[in-house]
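Read-outs: derived from the displayed coordinates by stated rules, not from any lab. Values in this document were obtained by computation on a predicted structure and should not be read as measured data. Here the Cβ positions follow ideal geometry from the backbone for every residue, glycine too, while neighbour counts run over all protein chains shown.
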Amino acid sequence: MNQFGFFIDTSRCTGCNACVIACKQWKDIPPGPAKPVRVYQWEKGAFPELDVRVLPIMCFHCKEPKCLKACENEAIYKDERFGAVLVDHEKCRGDRKCFEACPYGAPQYLSDGEDEKMLKCDMCIDRLEEGITPLCVLSCSLRALDFGPLDVLREKYGDDGSYIGENEAPCHNACPGGIDVERYMTFTAEGKFDEAIDTCLEVTPLIGVLGRVCTRPCEIDCFRGRFDDAVAIRETKRFLSDYSKENSITSEVAVAEKNGKTVAIVGGGPAGLSCAYQLTKNGYAVTVFDKEDEMGGMMRYGIPEYRLPREVLRHEIDMVRSMGVKLENGRVISDLAALDAYNAVFVATGAGEGMPLSVPGADNDGILTAVDFLRNVNTGEKTAVDAETVVIGGGSVAVDAARTALRLGAPGVHLVCLESADYKDTDPMPAQEEEVKQALEEGVLIHDKYGVHSFIGENGCVTGVLCLDCLRVRDEDGSFAPELAAGDPSLTIRAGLVLLALGQRAPESAYPAGIPLNNRGRINDEGYFRTGNPRIFAGGDILTGTSDIISAVAAGNEAAGSIHRFLQGTAISEDRRVIPASARLRVEKKSEPSPRRSADERRHDFGDVSIGYDRAACSEQSERCLHCGEMQQSALIRREMPKRNILPWDSREALLLWSKRHPENGEELPDVINDIGEVLNPSEPTEFFRGKLMLKARTSREKLLYTTDDE
Ligand code: SF4
């Protein structure tokens, strides 16, 4: 079967509605809400920073339409020649099963007195039979629409276009841990919170942790984000974790019968705990050794409590313990020979040493790494800061250190970084945008696009930081190669405390004797977390350098897969998933974070910054999910770009262009000008705000409301 479909260029569409009107005229559809093509416009922000988005939506003529399967009257069928999804109006009873099944709410209903009939795009099948393009495409003078066989469209528009419908939901594909987001969003939408939690538990027990501090690669790829905002996946996860705690729901994780094999894990951070969790589920007897007093690694000793409350972390570590994992704290394993009795060993000792900065004056007292500072605060060793503080660095650790110093009473906190604090620039700060925004709200002063020239001091103690303009962060190849201006420093900041957040590395103590190292002194990486010694595996930050929590979870889980294969004597490389890159440096559109406490209130304590979604907000978010994994490849949508500073006359301009167009293909275009006049009455200001985008209304009433608004 040939599959024809639409190409929609949302960066061209101005929302003039010409396609809608042409379609209604051609089909002789009376005025009213029912229309086969719908055009949505919505805006964010206020003029002149207006961010206007427009999206025409029609039936996408799925290859295997859900509406067809859902219709009990067999009124929907698929045309073999064009792949059009058509309705037999004789059979249609208007019972709306198709509407319930369609992810986009494409079916509309036309009432003729008593009866309702389903109405939707039929690709202008009568025109196609005569070799003429659908009228909506012809009516668009801005060339925002195109039509043809999908493979031809894909060739024509290349990778700029994205198919509606992927084989697996993009969120699922993007998650380094492979959490089946789509599935838990579906359960959440249905109010089946236990099942949603169980879905997350298949991958990780750290649901509350990830629900707060995950970098959200899933949201970057969330398909809904191409229409308006990504579904708030992280906040949903947080809600699920809070809900299970508040309602004392104890999820029983199935643990296989013990298989007699033992595994030792060195390092109780996210990678080590994840590996322990997965191996224990598979019947291994696992012991985790950690040198600190508590498990959690950087989650416990790096991330400040205002982002990750300790009871959330403790609760999830307790869950691992309750499965039978032995957690031994205060145990330094300096030689793997001590673990010879175990069948396999996984080393995940992290990269917890901060990098120094070699500039004049760096040996003054009062200069320390942000990692050490955060550790001292998180162990309770450091409880107050009484000096002006300058943090050097633009990553999450830098922002954490700055906000922590502020909470401990620092009279002023400055953050100096090479990158830009404007996330639209080519080299934005590596910290997540929301963290930077919150730090600014709390009063951290950011001096972006500066590098450190030197430190000044008195009597061996630091008193200030001298900075130079940063001319570039990366070279032509995109490699990190900062270039600072020559000459005298352009900025001087007073400081009694300087915190260096310039990246992390594994200290020597992270490499226990007996671990195979390469000639650069790093772990010998043989792929699949092997080290060269068949019973010793390694992963997480010590292998890859610092990454985010979900990447460490993924490393731990995959390492568990390798250890399991090794101990069961099966091929280690078979049937492996590729872990997608972390979201650390990607700053595209994500969902808005949940409400937070006011900056004035939160800057004085270590209480949770964000409040989290309530049940209603969480349900609303999960209902926004389009269930992409279940969709069919059926149309191309060019990546949507916001149209900044669009003025209201743009759509009039579009209509003017439309009206001036010469008839094509030898046919008269319908005279729609009168109808357009009805849409855009020149005596009334053009209404641009259409409320929030509802791709699919939840009720018939809502459907009526949301489909009448642009006519
Ligand atoms: S819309 Fe739903 S299924 Fe699709 S990518 Fe977003 S969360 Fe995943």
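For D475 and E592, compute 0.36 nm times the residue count separating them, minus their Cα-Cα distance, and round to one decimal in nm. Can you show the working numbers first?
On the way: separation 117, 0.36 × 117 = 42.12 nm, distance 3.25 nm.
So the chain would gain 38.9 nm between D475 and E592.
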Compactness index (Cα Rg / 2.2 N^0.38 Å), region 356-502: 1.00
Charges on Cβ only, +1 for Lys and Arg, -1 for Asp and Glu, centred on the Cα centroid of the chain; of V377, A410, V39, which one is farthest towards the dipole's positive end? V377
Label-to-label distance, nm, for residues given as D126 and K326 (7 Å Cα→Cβ offset): 8.0
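Can you put T570, T186, T204 in order of Cβ neighbours within 10 angstrom, beginning with the fewest?
Details: T570 10, T186 20, T204 25.
Ranking T570, T186, T204 by Cβ neighbours within 10 Å, fewest first, gives T570, T186, T204.
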Could you give the dipole magnitude of the chain about its Cα centre, charging the beta-carbon of Lys and Arg +1 and that of Asp and Glu -1, in debye to the nearest 20? 980
Put in order of increasing Cβ neighbours within 10 Å, starting from the fewest, V152, V288 give V152, V288
Explain nothing, just the number: dipole magnitude of region 356-502 about its Cα centre with +1 on each Lys and Arg Cβ and -1 on each Asp and Glu Cβ, in debye rounded to the nearest 20. 340
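Calculated FRET efficiency, E257 and Q568, Cβ-Cβ r, R0 22 Å, to nearest 0.05? Write down the numbers at each step before the final one.
Numbers: r = 15 Å, r/R0 = 0.67.
Calculated value: 0.90.
If packing is taken as the mean number of other Cβ atoms within 10 Å per residue, what is the order of 136-143, 348-355, highest first?
Values: 136-143: 20.1, 348-355: 23.5.
Put in order of decreasing packing, that is 348-355, 136-143.
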Cα-Cα pairs above 15 Å in region 335-390: how many percent? 67
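Write out the trypsin sites (Lys or Arg not before Pro) in region 305-358 meeting two conditions: DSSP loop, and at most 16 other Cβ atoms within 10 Å of their Cβ.
R331
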What is the Cα centroid distance between region 99-118 and region 425-453, reported in whole angstrom? 50
For the charge dipole of the chain, defined by +1 on Lys and Arg C-beta atoms and -1 on Asp and Glu C-beta atoms about the Cα centroid, which residue among G607, N247, T188 has the Cα displaced farthest towards the positive pole? N247
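Could you tell me the ratio Rg/Rh of the chain? Both radii from Cα atoms, Rh via Kirkwood. Walk me through the numbers before you get to the answer.
Working: Rg = 29.2 Å, Rh = 28.4 Å.
My calculation puts Rg/Rh at 1.03.
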Helix 396-407: inclination vs the chain longest Cα principal axis, degrees, rounded to 10, gives 70
Using the structure shown, list the pairs from K69/K91; K66/K192; K35/K66; K245/K437; K24/K78; K27/K117 with a Cα-Cα distance above 18 Å, or answer none. K66/K192; K35/K66; K245/K437; K24/K78
In terms of the charge dipole of the chain, which places +1 on Lys and Arg and -1 on Asp and Glu at the beta carbon, the residue among M123, T215, V266 farthest towards the positive end is V266
What full-extension length gain, to one decimal in nm, is calculated for D386 and E458 as 0.36 nm per residue of separation minus the Cα-Cα distance? 24.2 nm
What aspartates and glutamates could a cross-link reach from K156, if we take a straight Cα to Cα line under 14 Å and drop same-chain neighbours fewer than 8 places away? D9, D146
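Which length gain, in nm to one decimal place, applies between D575 and S490 when the Cα-Cα distance is subtracted from 0.36 nm times their residue separation?
Numbers: separation 85, 0.36 × 85 = 30.60 nm, distance 5.59 nm.
Additional length available on full extension: 25.0 nm.
Just in region 454-535: which trypsin sites (Lys or Arg not before Pro) are loop by DSSP and have at most 11 other Cβ atoms within 10 Å?
On the way: sites: R472, R474, R494, R505, R520, R522, R530, R535; in loops: R520, R522, R535.
Those satisfying the criteria are R520.
Could you list T426, T389, T379 in order of exposure, starting from the residue whose Cβ has the fewest other Cβ atoms within 10 Å?
Working: T426 10, T389 27, T379 13.
With the fewest neighbours first, T426, T389, T379 line up as T426, T379, T389.
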